[in-house]
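**Q** Here it is: the structure, laid out below.
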Ligand code: XMP
């Protein structure tokens, strides 16, 4: 695991649950393996192969999974680990991990005649603890090299059309390899393979539950913060709400929540945040109504990055203006999640939009950071939120950009433009919910093309008004996305309602563009 400063940090502190370490060889599905293992109730962490020795020594795991990877075991400098470190530990190698295990333990790996990619059928060769009697024989393959001879002590247990050793095992040693990917949905019974490894082979207890996490995180926060106070900025989003709820449970009224209402949230959301936090959490909420100040600062600003800068600066100004209300805080809570922790080490992506530019605090405040969710994936955060009693509308809330509706108004951000976009957005999303179409949608919203006007006719009158764009996308992680295939009759109904009910709008468009080449937001 890589810490914020790019340094190596050990596993979940005060760990009382078992640990499955997933060693990453650069595979595209490694994070997915970690998620699947956790879904099965076993806490899992991802460790780059370069840090494996250090991690295994610092936090001995109860089981290890070796991930896939793009390289060949025969390449110079190919990812590698010292298998003597894994002695006595149950191991499952997947794809590259399977090949590396064969290569290092005395088997033979060769270049495949053709690259095997896609769905294949798994056939049983010998009894296999992981692969016998699966409900589907379909498996997902993506590899060049393959294992030609198993290491001494191992037996090949399954094959595919073009891969003679698609699974092998040495039960005594509790070492297993599969060439296919049990973690992806294209391997329909992959969960069974993982479950058998974790429970039947490694004998794990399945002790990773949200209740246990809450218990452990509470203890950890208490130890970290001592008798000091924490400042927690809440935005109305899932992560900051769950952080606030968790900290409040641990520290009671030593948490000060600050909510800056920039006037750019969805219809009714600012009121809901204040209501939820005062009713459910505790009364020390500093709610700052700053809409007027943000609109004044945004006057005449139309360029997306400029909007983000203005909004970021205005947040800092708000905090400064209210600093005496939380000057007794020594810590600042942040809603960092596990994928941010994993990715903070890579630093490879180009800057498309400056996402983390809002909610920043003045530098002079010099607060220590507490990040109670840095071990969790988003779906785990939601589950923890539910267990902590947060309302379903909040826990289920879609990701929402920090600069809010400002980046969904193409043109100048005025109170009137915000009202227009809020009303259209409200209609679209209520209709989605009413039709049950919101399930499976990652984000859905209305955007206003404030700089565009088109001609229409309403009654007998000519109109010359702005268009609204509707966007609904499906995605796994916001890195890529496809437009949701909404029914045209449904869209027509939404369009009619918007044009009839929202003043200033005479046309509605549905955005079909995927990401890439577009982005999810319009700005
Ligand atoms: P894009 O538009 O880049 O968005 O495809 C990917 C995800 O990030 C959200 N987003 C933002 N979040 N500040 C944020 O906190 C921002 O400036 C910002 N811009 C986009 C977006 O809603 C999507 O979930």
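FYI, it's all coordinate maths here, none of it is from the lab. None of these values were measured; they are calculated from a predicted model. Counting neighbours? That spans all protein chains shown, and the Cβs are built from the backbone with ideal geometry, glycine included.
**Q** Rounding to the nearest 10 and keeping the result within 0 to 90°, find how far the Cα-based axis of helix 30-39 lies from the longest principal axis of the chain.
**A** Roughly 90 degrees between the two axes.
**Q** Okay, moving on. Kirkwood hydrodynamic radius, the chain, all distinct C-alpha pairs: what's the number in Å?
**A** Hydrodynamic radius (Kirkwood, Cα only) of the chain equals 25.6 Å.
**Q** Calculate the length of the line joining the C-alpha centroid of the stretch 25-74 to that of the stretch 132-184, in whole Å.
**A** Measuring centre to centre over Cα atoms gives 18 Å.
**Q** For the residue pair residue 113 and residue 205, what label-to-label distance in nm results when each label sits 7 Å from Cα along the Cα-to-beta-carbon direction?
**A** 5.2 nm
**Q** How far is helix 378-387 tilted, in degrees, relative to the longest principal axis of the Cα atoms in the chain, given as a value from 0 to 90 rounded to the nearest 10?
**A** 70 degrees
**Q** If you don't mind, there's one more thing I want to ask. Indicate, rounded to the nearest 5 percent, the antiparallel portion of the DSSP beta bridges found entirely in the stretch 409-510.
**A** 70 percent
**Q** Among 172-180, 142-150, how do they line up from the highest to the lowest mean number of other beta-carbon atoms within 10 Å?
**A** 172-180, 142-150
**Q** Taking the highest mean first, how do the peptides 252-262, 90-100, 401-411, 271-281 order by number of other beta carbon atoms within 10 angstrom per residue?
**A** Per-residue Cβ counts within 10 Å, averaged per peptide and sorted highest first, yield 90-100, 401-411, 252-262, 271-281.
**Q** Can you tell me the equivalent ellipsoid semi-axes for the stretch 409-510? Use √(5λ) from the Cα gyration tensor, largest first, whole Å.
**A** Output for the stretch 409-510: semi-axes of 24, 16, 11 Å.
**Q** Can you give the angle from 0 to 90° between the axis of helix 238-251 and the longest principal axis of the chain, with both taken from C-alpha atoms, to the nearest 10?
**A** 80 degrees
**Q** Specify the inter-centroid distance of the stretch 245-277 and the stretch 376-440, based on alpha-carbon positions, in whole Å.
**A** Centre-to-centre (Cα) distance: 16 Å.
**Q** Considering just Cα atoms, how many Å³ per residue does the convex hull of the stretch 148-256 enclose?
**A** Cα-based convex hull of the stretch 148-256, divided per residue, equals 173 Å³.
**Q** Can you give the relative contact order of the stretch 120-195 as a percent, counting alpha carbon pairs under 8 Å and 6+ residues apart?
**A** It comes to 34 percent, rounded to a whole number.
**Q** Moving on. Shape verdict for the stretch 19-201, please, from the Cα gyration tensor: rounded (a/c under 1.5), prolate (a/b greater than b/c) or oblate.
**A** rounded
**Q** Can you grab the distance from the C-alpha centre of the stretch 456-523 to the C-alpha centre of the stretch 308-340, Å, no decimals?
**A** What the calculation gives is 34 Å, centre to centre.
**Q** Now, a different point. Could the peptides 33-39, 107-113, 63-69 be put in order, highest first, of the mean number of other beta-carbon atoms found within 10 Å of their residues?
**A** Per-residue mean Cβ counts within 10 Å order the peptides as 63-69, 33-39, 107-113.
**Q** What residues from the stretch 495-523 fall in the zone where the backbone N is under 19 Å from a label point 7 Å along the Cα-to-C-beta line of residue 479?
**A** 514-521
**Q** Can you give me the relative contact order of the chain as a percent, contacts being Cα pairs under 8 Å and 6 or more apart?
**A** Contact order relative to length: 10 percent.
**Q** For the chain, give the share of DSSP beta bridges that are antiparallel, in percent and rounded to the nearest 5; count only bridges with both residues there.
**A** About 45 percent, rounded to the nearest 5.
**Q** Another one. Tell me what the chain gives for mean residue ellipticity at 222 nm when only DSSP H runs of n ≥ 4 count, each as -39,500 (n - 2.57), the sum divided by the residue total, rounded to 500 deg cm²/dmol.
**A** -8500 deg cm²/dmol
**Q** Roughly what % antiparallel, to the nearest 5, for the DSSP beta bridges in the stretch 19-201?
**A** Here the antiparallel bridges make up roughly 55 percent for the stretch 19-201.
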